[in-house]
Amino acid sequence: MTARRNPLPLAAGIGNLTLASTVTVGLLLGMVFVLGLAILLIIDSADPAMGLLKAIVTTIVVNSIVFFLAPYIMDMIQGGLYQTRWVSLVDIERQSRASANIIRQICAEKGLKTPKLGLINDQNPTAFTYGSLPNTARVVVSQGLFTYLADEEAAAVYAHELGHVVHWDFAVMTLAQTLVQICFLLYVFLREMGRGDSDSKGANVARSVALAAYIFYIVGTYLVLYLSRVREYFADHFAAEATGNPNALSRALVKIAYGIVDQSQKSETPSRMLEGTRALGIFDPKAAVATGTVYGSAGTEAVGRVFLWDLFNPWATWMELNSTHPLTGKRIRALANYAEALGQAAAFNMAAIVSEGRYLDKGRLYGGFILDILVYAAPRLGGFLGLVAGIITAVFLARDLGNDNDLKVILLVVGSWLLGWGFGKLLKLGVMYPSFRQAPAMDVLTLMSDPYASPLRGRPARLEGQVIGRGDSGYIWGSDLQFQDKTGLIFLHYASRFGSLGNFLFGAKQVKGFIGQQGEVLGWFRRGLASYMDLIQLRLGNRRISSFHRFWGWFWSGFLLLFGALFLLLGIAA
């Protein structure tokens, strides 16, 4: 592997790490500063302010201590939970010569001390980095990384992790998260102040500023998630530039996804390591199914079609907002651009995928998306609108009746809230579970490759294949299933007619007997960060297992509407 000395241009659309860091931290600082000024204006007594000051100082001090002690605390956690072994560079060289070479190269070029190197005896492939300052960094990988990845691919993963070290990601993220914590602390403090004399000017202002503090906290949380995604893009760019081989990291990401899926089928227990290091790892295991299962069953060419959803579906962008990692298709597109800039043929033909994406039906993709978002959130929106309507009604009643009929007001407010929630749930139910009478026979690859797929609008489909395991590997009471056909694997989500107890009994007593049996599945396919089917019916030989997602949707909608109407009638009669 030869290092590339000339700077590699950044791919379009990945953001600017310095700008993202500066804007995120700057805005959070500004939020805290504005809220601090507001507090000084509304507090008459010195004692509450002193209490808040102590809380903020304590937060900063504790976070500072944790920041510098974090590497040592994490060392203990790693050792206790995952039996991490600390190994030498020579040990890594025995596993992967290219990995040892890239570590030496980057540390020499950037003037870094060789990081502390950890190895976890787990076949689920992953890698992550933690520390406080660059020279206290730890880079930890699992044994599965060397099992599933070729030599140069493992080296690219190490280069990616060292990119986090070079960019000082630990320090920036810690500062940003501290400021978000302070915003929440201010919200709690002001909310408590607002519970005082409701007629006083100070309490009214405190409630208003508490609302602003909470909004700042929510905005800050999403800014930190955005910063986390930009960090991943820039670590990918660093790896591509340091190794001169962007394709190695592209292949590594896909193989890591495949390894996670492959191990979920083999393991008798869920991987605590993957769940415990999800935010730190190079790949989000929750997003591994679509990429990993298609690569394992249909190979490299088919994987590209799965990325159509990542690149062009608006639901992908919406759901990515809540993720610490960029969507895999977007990362691989950026790496393909780097390969082309280096004069190399991309490992995945993303140019063809992007070209195909230009001919997708834009009206179908985007035309009803805003409406779909509203329908997706309909239960919450309905509940909120019902609550607002109830409160407005209560205000007018209070003017007419005075404060002598609190029970009437409470019943009307609660009834309006339940009715709004119930109607919203009913609306969402009608869209989520369309008729399945004419469900076509399909395969997993076709479903995964559908660029129009949605987490809201279930797509009825039939699959033929084999039950190969539980949805949550090793969870002996789990009622969900893994189902595999000749093109890939998908998770089946089961709902018993007897609710949670029925799910538990189904998982404990029946699922084990289904594993290894051939059969047919009827269900509603959904695509989000993870892909799955809401099971309608599973046929195994002469046996039929029915699932009741739509039934429970109707049941809870009816329950909310019934009790909402009851509360309203009681309120009117009171």
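Using each residue's phi in segment 334-350, evaluate 6.51 cos²θ - 1.76 cosθ + 1.60 at θ = phi - 60° and report the 3J(HN,Hα) Karplus result to the nearest Hz, with x for Gly and Pro.
Karplus-based 3J(HN,Hα) across segment 334-350 equals 5, 5, 5, 5, 5, 4, 5, 5, 8, x, 10, 6, 5, 4, 10, 6, 6 Hz.
Given the Cα-Cα distance of Q143 and Q510 and 0.36 nm per residue of separation, how much length would full extension add, in nm? Mind dumping the intermediate values first?
Working: separation 367, 0.36 × 367 = 132.12 nm, distance 3.40 nm.
Length difference between fully extended and current span is 128.7 nm.
Which residues does a label at E301 reach in segment 228-267, if reach means a backbone N under 19 Å from a point 7 Å past the Cα toward the Cβ?
Only 251 pass the distance filter.
Taking 25 Å as R0, compute the FRET efficiency from the Cβ-Cβ separation of A565 and R437 and round it to 0.05.
On the way: r = 32 Å, r/R0 = 1.29.
Here the calculated transfer efficiency is 0.20.
Explain nothing, just the number: relative contact order of segment 86-184, from Cα pairs under 8 Å at least 6 residues apart, as a whole percent.
With pairs under 8 Å counted, the relative contact order is 27 percent.
Convert each backbone phi in segment 242-255 into a coupling constant with the Karplus relation 6.51 cos²θ - 1.76 cosθ + 1.60 (shift: θ = phi - 60°), then list the ³J(HN,Hα) values in order as whole Hz, x for Gly and Pro.
My calculation for segment 242-255 gives 5, 8, x, 9, x, 5, 4, 6, 4, 5, 4, 4, 5, 5 Hz in order.
As an exercise, use a Förster radius of 51 Å and the Cβ-Cβ distance of E464 and L397 to find the FRET efficiency, rounded to the nearest 0.05. Walk me through the numbers before you get to the answer.
Values: r = 60 Å, r/R0 = 1.19.
E between E464 and L397, to the nearest 0.05, is 0.25.
Which chymotrypsin sites (Phe, Trp or Tyr not before Pro) does segment 307-371 hold that lie in a coil by DSSP with at most 16 other beta carbons within 10 Å? Write out the running numbers ahead of the final one.
On the way: sites: F307, W309, F312, W315, W318, Y338, F348, Y359, Y366, F369; in loops: F348, Y359.
Here the chymotrypsin sites (Phe, Trp or Tyr not before Pro) that fit, given the DSSP loop and packing criteria, are Y359.
Can you tell me how segment 450-514 classifies by the Cα gyration tensor, rounded, prolate or oblate, using a/c under 1.5 as the rounded cut?
Details: a/c = 2.38, a/b = 1.45, b/c = 1.64.
Oblate shape, in that a/c is at least 1.5 and b/c is the bigger or equal ratio.
Which entries in K116/K330; K116/K286; K266/K512; K266/K286 show an alpha-carbon gap greater than 20 Å?
Numbers: K116/K330 31 Å; K116/K286 28 Å; K266/K512 14 Å; K266/K286 17 Å.
With Cα atoms farther than 20 Å apart: K116/K330; K116/K286.
Simple spin-label model, 7 Å along Cα-to-Cβ: A171 to R539 in nm?
Computed distance between label sites A171 and R539 equals 6.4 nm.
Mind checking the full-extension length gain between F555 and A573? Use 0.36 nm per residue of separation minus the Cα-Cα distance, one decimal, nm.
Details: separation 18, 0.36 × 18 = 6.48 nm, distance 2.69 nm.
So the extension gain works out to 3.8 nm.
Show me the trypsin sites (Lys or Arg not before Pro) within segment 419-491 that DSSP assigns to loop and that have at most 10 other Cβ atoms within 10 Å of their Cβ. Each step should come with its number before you reach the end.
On the way: sites: K425, K428, R437, R457, R462, R470, K486; in loops: R437, R457, K486.
Hits after loop and neighbour filter: R437.
Output the antiparallel fraction of DSSP beta bridges having both residues in segment 444-541, as a percent to the nearest 5. Each step should come with its number before you reach the end.
Working: 25 of 28 bridges.
Taking every DSSP beta bridge within segment 444-541, about 90 percent pair in antiparallel fashion.
Express in nm, to one decimal, how much length is gained between R497 and Y366 on full extension, taking 0.36 nm for each residue of separation and deducting their alpha carbon distance.
On the way: separation 131, 0.36 × 131 = 47.16 nm, distance 3.59 nm.
That works out to 43.6 nm of additional length.
Taking every DSSP beta bridge with both residues inside segment 67-172, roughly what % is antiparallel (nearest 5)? Intermediate values should be presented prior to the final figure.
Numbers: 7 of 12 bridges.
Given both bridge residues lie in segment 67-172, the antiparallel proportion sits at roughly 60 percent.
Bear in mind that the values in this text are calculations on the coordinates, not laboratory data. The shown structure was predicted, so the numbers you read here are calculated from the model rather than taken from an experiment. Counting neighbours? That spans all protein chains shown, and the Cβs are built from the backbone with ideal geometry, glycine included.
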